[in-house]
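The structure under discussion appears below in the form of structure tokens.
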Amino acid sequence: MPPPAAQPAASLKLVCGEDDFVVKQRARQIHQQWTAEVGGMDHETIDASVTTKDEAFRALAKLREALQTLPFFGSGKVIWFKDCNFLSDERAATPDVTEALAELARELKEFAWANVRLLISAGKVDKRKAFYKTLDKLGAVESFAGWSADDPDWAEQAEAWARQALRARQKEISDEALAELVSRVGPHSGLLDSEIEKVSLYVGERREIGRADVAAICTRNKTARAFALGDALGDRDLPRLLARLDEALWEVKLDRQKTEIGLLYGLIYKVRAMLLLKELLREGWIQPDANFSRFKAQLERIPAGQLPEDKRFNPRSLHPFMLFKALPQVKRYRPAELVRAMDLLFECNLRLVSSGLEESLVLQQALVQIVSPPASPPRPEAARARPAAVAGARR
């Protein structure tokens, strides 16, 4: 038997990654394109989202059957192995399932792809396994890693993605509105797409989306709400600060992954950002500006050699919109007050980990001390009158 013809990359494609929304969106786009190109009615979609190894074996059996069933009338055939969840270390990815995948990989190497196209969409994939290596060698792989708040570039990636999604809807958005949108949603592409759809419908026929539109219709998810406590601290608004603290402490009780220490570190992050802004203003590297685009340009013009290498103290490691929002807030604090705030938060940290006091009380006391206005010194006339009054009382 002669060796099979080389498979064209367009006949076999794997779309995978931790960004579930983008993976599904891209796989759907490829499937629609392929079915339109091939034509006919013989296309098959196989649900590969399983919970047990037996279900994984049945899905693989359906895939083999689909590959071996020739299309009618000589037309082409598109097979979509959809939402596969046993290509990594999931529960269903047992050793015998991994071996079955390796056997399928060997079959794909010898398969004649003349009129069949196979699309596989999956979540996380183990790139060390034979099945992935075969797909990567024979076909094409598109991988989409999810955004993470730990990635300093996630906001820029989200902004680029959002701008593209808005342009597909024939909409434009200002830099301030885009930054506000991303900061409200956080690193979640599915939620971001949903909010983009909402704000696009909200503005109707109007092409331009402004910051007021985003504020009016877009909601804040839990990632954005985590910054509300720091914003209230920056605004030096004690009633709002205590209200946001109560909300945050309630979320700590409901979510085991959140702690009072985590809230404290968020506040430290906020005060540190305000201190950095104070220094940038003092050095004259940035000027107070109501326009986000000009403010961001000022940050980019700061010589890299003038900034510390430690990302904790480098303003460029922070999202520029977060700094932009904090810019009017730094006017409410003197440098010495921000330094004192860091000292109070450090003391709060020690008390949280070493004392038996209630966490909410410790945090509340620290925040009240930070935002309370400093005691004003007595006026000169009052200072002179007080000793005289005391002397008269003694007489």
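Where a number appears in this text, it was derived from the coordinates with a stated rule and is not lab data. For clarity, every value in this text was computed on a predicted model and none was experimentally measured. A quick note on method: Cβ atoms are made from the backbone with ideal geometry, for glycine too, and the neighbour counts reach across all protein chains shown.
A dipole drawn for the chain from +1 and -1 charges on Cβ atoms has a positive end, and of A48, A304, L344 the residue lying farthest that way is L344. On a per residue basis, the convex hull of the C-alpha atoms belonging to the stretch 9-143 measures out at 93 Å³.
With kT/(6 pi eta Rh) evaluated at 37 °C and eta = 0.692 mPa s, and Rh the Kirkwood radius from Cα pairs, the stretch 226-371 diffuses with a coefficient of 204 µm²/s according to Stokes-Einstein. Okay, helix-only estimate at 222 nm for the chain: each DSSP H run of n ≥ 4 adds -39500 (n - 2.57), divide by all residues, round to 500 deg cm²/dmol; what do you get? Rounded to the nearest 500, it is -18000 deg cm²/dmol.
Taking each residue as 0.36 nm, the span from M342 to E279 lengthens on full extension beyond its C-alpha to C-alpha distance by 21.1 nm. Distance between the modelled labels on R167 and E103, one decimal in nanometres: 4.9 nm (7 Å Cα→Cβ projection). Exposed loop sites were defined as GluC sites (Glu not before Pro) in DSSP loop states (anything but H, G, I, E or B) carrying at most 11 other C-beta atoms within 10 Å; in the chain the longest segment without such a site runs 1-204. For the stretch 226-304, trypsin sites (Lys or Arg not before Pro) meeting the loop criterion (DSSP other than H, G, I, E, B) and having at most 12 other Cβ atoms within 10 Å: R256. Taken over the alpha carbons of the stretch 154-222 as equal point scatterers, the Debye sum produces base-10 log I(q)/I(0) values at 0.18, 0.21 Å⁻¹ of -0.54, -0.76. Computed about the Cα centre, the dipole magnitude for the stretch 226-371 is approximately 460 debye when only Lys and Arg (+1) and Asp and Glu (-1) carry charge, each at its Cβ.
Under the convention that each Lys and Arg Cβ holds +1 and each Asp and Glu Cβ holds -1, the size of the dipole of the chain around its Cα centre is about 1600 debye.
Cα centroids of the stretch 79-107 and the stretch 295-317: 46 Å apart.
Using alpha carbons only, the radius of gyration of the chain set against its Kirkwood radius gives Rg/Rh = 1.14.
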